[in-house]
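Here is the structure we will look at, set down as structure tokens.
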């Protein structure tokens, strides 16, 4: 870190720094909710159809989900953190998800995932150039003998070109994501929505590559 030579310089640096944002999705009410109704500054959708990604609430007992919190709905194949995870579009179109940042200025994105096959997180700049890729194996609870919970993937910028959007996908359409963390600017709850954002310090197990 560069040496701070004055309180003024320190204040200026702090003001310019982008805050880490953790989108946990827990306070999005109900079930099967389009995420884009609850956030500004970021869009969750399918890259092929544009259909929004939706929430799935484990405590409804309608899904094949296990929660790392060990609650009564802790018996499914797909791991999530707490009660709410995110899946592909409501019409199940495509096999991917696209998370786009309005200001196209992220330096990193971390995502927890659970998938029935190899899962990828790909970062792109504003011109569609691939900046970074991370991937993880299938990690279902019983089929893949994974008692540990969701996996964690992380991508970052190349030091010059910021991340404008990320693509998540497997080899079919059998995945769930949770706890999206980034420093993209100006991501906020939509007007009138409950407080949906948690600070990055709450993101347990985050790693940088």
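The values are calculated or read from the model by the stated rules, or taken from the named source; none is laboratory data. Just so you know, these numbers come straight off a predicted model, no measurement behind them. Reconstructed Cβ throughout: ideal geometry from the backbone, glycine too, with neighbour counts over all protein chains shown.
From the set of residues in segment 149-196 that are at pLDDT below 80 and surrounded by 15 or more Cβ atoms within 10 Å (Cβ to Cβ), which is farthest from residue 101 (Cα to Cα)? Full working, then the answer.
Our first condition is that a residue be at pLDDT below 80; within segment 149-196, this holds for 190-196.
Now drop any that are not surrounded by 15 or more Cβ atoms within 10 Å (Cβ to Cβ), which leaves 193, 196.
Values: 193: 19, 196: 17 Å.
So the residue we want is 193.
Looking at 127, 95, which one is at pLDDT below 90 and more than 18 Å from residue 187 (Cα to Cα)? I'd like the intermediate steps shown before the answer.
Numbers: 127 fails: at pLDDT below 90.
Answer to the selection: 95.
From 99, 65, which residue is more than 30 Å from residue 158 (Cβ to Cβ), touching a residue at least 60 places away in the same chain (Cβ under 8 Å) and buried (at least 17 other Cβ atoms within 10 Å of the Cβ)? Before you say what the answer is, go through the steps one by one.
On the way: 99 fails: more than 30 Å from residue 158 (Cβ to Cβ).
Only one candidate passes the filter, namely 65.
For segment 15-61, a residue qualifies if it is closer than 18 Å to residue 173 by Cα, modelled with pLDDT of 90 or more and assigned to a loop (DSSP other than H, G, I, E, B), and the qualifying residues are 32, 53.
For segment 75-187, please list each of the strands (runs of 3 or more DSSP E) lying entirely inside it that holds at least 1 residues being under 26 Å from residue 28 (Cα atoms). Give the steps one after another, and end with the answer.
Details: elements: 78-80, 84-87, 96-101, 108-115, 119-124, 130-136, 151-156, 165-169, 175-182.
In segment 75-187, the matching strands (runs of 3 or more DSSP E) lie at 78-80, 84-87, 96-101, 108-115, 119-124, 151-156, 165-169, 175-182.
Of the residues making up segment 129-166, those that are in contact with a strand residue (DSSP E or B) (Cβ under 7 Å, 6 or more places away or on another chain) and farther than 21 Å from residue 178 by Cβ number 7.
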